[in-house]
Amino acid sequence: MSEPSTTTWHPSPSDFAPKPKHKSADAITRPAMSYWQDAWRRLKENKRALFSLYLIIGLVTFTLAGPYLWTIDPSAQDLDQIGITPGANRNVTIAPAYQPWYGPTNELYYDDDNALGLTLVGDATSQAVRLAWKSTLRGPGSAPYSDQFNHGYVIYRTLFALEPSDAFGLPLMETKNHFFEDRLDLQPTDYYYTVVALDSQGLETGQFATIALTVKRVITILEAQQRGLTKNGAVVEGDQIELALHPFGTDYLGRDMLARLIYGGQVSLFIGIFAPLLYVLLGVIYGSIAGFMGGGIDQLMMRFADFAVALPFLLFMILLKVIFGIGPGESGVLPMLVAMVILLWPAPARLVRGQILQIREESYVSASQLLGASTNYLIFRHMIPNTMGVILVTITFQVPSAIFTEAFLSFIGMGVAPPTPSWGSMCNDGIKSMLTRPHELFFPALFISITVLAFNLLGDGLRDSLDARMRNRE
Amino acid sequence: MLRYTLKRLALGILTVWFIATATFFGMHAVPGDPLSSDKSTTAKIRANLEAKYGLDKPLLTQYAIYLKNISQGDFGISFTQENRQVNDIIKEHFPISAILGILAIVFAALGGILWGALTALYRNRWPDSVIMFLVILGISVPSFVIAAISQMFLVNINAFAGTTILPVGGWGTVWHMIVPAMVLGLSTMAYLTRLMRSSMLEIVNTDYIRTAQSKGLPKTRIFSRHQLRNAILPVITVLGPAIAGITTGGFVVEIVFAIPGLGRYFVEAIQQLDYTVIMGTTVFYGAFLVFMVILVDLLYGWIDPRVRINP
């Protein structure tokens with residue numbers, strides 16, 4: 001509208017002619033989009049959700065394709081490399097076969113630095129650590145050293161540098177000899193050995209000596225051949241070869257962490273994805289029947305759901321696991337799945353029933369009915385597409401809680417049975433040794449966290465993109 | 001209101017009966033029986049034991065006795081700990097779990113409201129991003145991992161300080177409670193923070209806030225009188241389910257921090273298949289949770305007049 005002008009206006013007949021019709025004003029120029037196309041478009045705009053979706057696809061691929069790419073058995077033990085951290089030194093020296101040792105035969109130079117003259121004989125290798133000492137313990141007065149004052153010694157070993165207030169560590173042996181050979185589970189790290197002299201009552205005296213040494217990893221030719229480490233050609237003593245590769249390290253039993261993460265992921269993701277899928281499906285069937293039927297049946301069905309929803313979930317989860325039991329050789333995955341389905345269907349059932357009741361009252365359903373739509377058309381055209389979004393979001397948000405439930409049960413020892421790995425049971429194992437080997441806890445915890453995070457973010461994104469009310473609201 | 005309360009209470013009692021029934025028949029479906037693990041029992045001893053625990057009677061009679069005992073608040077005698085009443089076990093261990101749970105709830109609610117309000121105030125600025133990142137982390141990391149990491153942290157701090165600043169485990173003083181309660185409340189706090197944030201942001205767009213703004217009220221007053229008080233309402237609704245989550249989450253924290261609460265006792269009873277303790281604890285916890293949810297719902301009706309109409 002222009003301002004009324006002050007100049008006089010002479011209308012002409014053309015001013016009263018009808019305007020040309022705007023043919024394109026109400027034309028649909030943008031391509032028609034179905035509900036799912038639109039939802040996908042919106043999801044694609046949400047970078048976090050999209051990234052989470054790719055992450056989930058990646059994790060599933062990792063667990064499914066993993067066994068073909070990384071063919072190590074998750075329950076096989078690598079006894080040469082127990083509890084090693086990722087990227088640990090894998091070098092090993094070929095050594096001659098073990099020969100029994102009956103004490104030092106030739107004259108030794110005993111260490112003068114410590115009271116007992118504790119000294120290392122030969123090399124400290126993972127085959128054996130050999131110690132010898134010469135007692136400087138004297139009898140009463142200044143009586144010279146003689147064997148009659150030798151009441152024996154205790155040998156201790158520990159992994160930590162000794163402080164004055166510390167205990168000596170693990171007692172290995174009590175002996176009257178002046179030498180000791182340690183072959184107990186030697187790993188290539190630093191060890192601290194302590195020898196304490198005993199008095200006539202067999203009690204520890206103040207006479208002790210400590211020695212720090214670094215154990216070198218060795219392997220015999222035979223062992224190397226048995227474990228397939230001599231890739232090509234012969235090896236001779238003194239050669240350096242490499243032990244089997246464990247990119248994520250090994251656990252406290254020497255099992256490959258990467259293989260266990262892959263197989264554990266299969267268990268965790270299987271439970272995490274299929275349990276919600278099953279119980280949400282059950283809930284959808286139950287809830288939609290109740291919603292469609294209405295009246296007394298609906299009331300009855302929903303009262304039962306109210307009871308079932310009031311069961312304390314984790315308590316009954318544990319109870320059901322006890323009831324089902326785990327037979328020998330079973331992994332316990334299926335009982336867990338069944339228990340979850342039994343206990344968790346009511347919440348989605350209530351949700352779907354609410355949705356159905358709500359949609360039944362929508363004006364577009366009435367309009368559709370007025371236009372003569374059949375029940376089938378109503379169900380497949382209106383009810384299902386309009387509840388699918390909510391159901392999908394529910395499933396996505398249930399996945400993290402299912403994964404947590406599996407982890408929780410495995411943590412308190414009610415989960416999958418060993419040796420089947422799951423991320424939860426790996427965490428449980430890892431916690432026991434978290435001070436010395438944190439990687440055993442770190443990796444499974446990381447995988448659980450990433451998975452849960454990805455499903456949470458994807459759920460957020462799905463909720464935003466599938467919610468019809470959010471459409472056209474940019 | 002009174003009718004509603006009574007109806008809820010009646011439904012609650014029915015629910016507890018349902019829980020008790022499910023527990024009873026569930027436990028009787030467990031393969032093996034409580035006496036099978038005993039040392040070599042002759043048929044005579046076994047019969048005596050069965051008579052002592054009433055296991056020789058038909059199942060339905062046992063069920064009737066069980067219901068009668070439960071209605072009188074008697075959960076029976078422990079199977080593995082001779083002559084120890086389940087009631088005594090609950091009496092001894094539940095207060096510890098309850099204190100821990102209450103502390104955790106208080107921590108979670110206060111923290112959730114505070115952080116949620118902060119994120120809403122600093123929406124899309126760095127405090128919002130930092131807090132929401134931590135929240136996502138709190139939701140995504142399993143509670144036992146957080147418990148273990150915090151314990152490791154305590155060990156290192158104590159080692160660094162040379163003395164025990166905060167105990168790593170056990171129970172007894174207030175100092176023992178702080179870290180476990182925080183760990184226990186953490187995931188609930190993260191959840192409440194998210195809820196509080198969205199509820200705060202929803203309220204910014206309401207008419208009464210706009211009215212308050214156009215009246216020229218100072219920002220702090222709008223925030224404290226109108227925004228915060230109304231945003232807290234949805235947080236209170238989820239406190240009921242949150243109590244349930246914290247009670248069961250207490251299992252893990254009690255195990256990791258060596259706290260002699262009922263949750264840890266329950267897990268031990270499960271591992272030893274102590275039938276009466278398992279049943280008693282389950283029914284007790286179930287009843288506790290059911291009535292807690294009812295209590296929170298009633299509380300909500302009292303706080304928010306809009307829901308007081310008969311639902």
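Quick note: the coordinates plus some simple rules give every number you see, no bench work behind them. Model, not experiment: these values are computed from the prediction. Please note: Cβ atoms are built from the backbone with ideal geometry, for glycine as well, and neighbour counts cover all protein chains shown.
Before moving on, here are some points about what is shown:
- Distance in nm between pseudo-label sites at A:Arg30 and B:Leu134 (7 Å out along the Cβ direction from Cα): 4.0
- For chain A, the membrane-span-like helix rule (DSSP H, alpha carbon extent of at least 30 Å along the helix axis, mean Kyte-Doolittle at least 0.5) picks out A:47-69, A:257-293, A:384-411, A:439-466; this says nothing about an actual membrane.
- Under-5 Å amide H pairs with B:Ile259, H placed in peptide plane, nonlocal only: B:Gly170
- Rounded tilt (10° steps) of B:59-71 against the dominant C-alpha axis of chain B: 50
- Theoretical gain in end-to-end length, B:Leu6 to B:Thr21 [0.36 nm per residue, Cα-Cα removed]: 3.1 nm
- Here the extension length gained between B:Thr220 and B:Val174 equals 13.0 nm, from 0.36 nm per residue of separation less the Cα-Cα distance.
- Projecting the Cα positions of A:Ile289, A:Val218, A:Phe304 onto the charge dipole of chain A (unit charges on Cβ atoms of Lys, Arg, Asp and Glu, taken about the Cα centre) puts A:Ile289 furthest along the positive direction.
- Checking the cross-link pairs B:Lys7/B:Lys68; B:Lys44/B:Lys91; B:Lys52/B:Lys91 against a 27 Å limit on the alpha carbon distance flags B:Lys44/B:Lys91 as lying beyond it.
- Within region B:103-126, backbone nitrogen closer than 17 Å to the virtual label 7 Å beyond the Cα of B:Val204 toward Cβ: B:114-126
- Counting only DSSP beta bridges whose two residues both lie in the protein assembly as shown, roughly 90 percent are antiparallel.
- Degrees between helix B:126-140 axis and first principal axis of chain B (Cα, 0 to 90, nearest 10): 10
- Model label points for A:Thr105 and A:Thr214, set 7 angstrom from Cα along the Cα-to-Cβ axis, are 3.0 nm apart.
- Relative contact order [Cα under 8 Å, 6+ residues apart], region B:66-202, whole percent: 35
- In this structure, the amide hydrogen of B:Phe79, modeled 1.01 Å from its nitrogen in the peptide plane, lies closer than 5 angstrom to those of B:Tyr275, B:Thr276, B:Val277, counting only residues at least 5 positions away or on a different chain.
- Among the residues of A:402-413, the average count of other protein chain beta-carbon atoms within 10 Å of the residue beta-carbon is 4.
- Taking every lysine pair in chain A that is 8 or more places apart or spans two chains, those with Cα atoms closer than 30 Å amount to 6.
- For chain A, the mean residue ellipticity at 222 nm estimated from helices alone is -14500 deg cm²/dmol, where every DSSP H run of n ≥ 4 contributes -39500 (n - 2.57) and the total is divided by all residues, rounded to the nearest 500.
- Under 5 Å, built H, 5+ apart or other chain: amide partners of A:Met173: A:Ile155
- Taking label points 7 Å from Cα along the Cα-to-Cβ direction, A:Gln299 and B:Gln271 give a separation of 4.9 nm.
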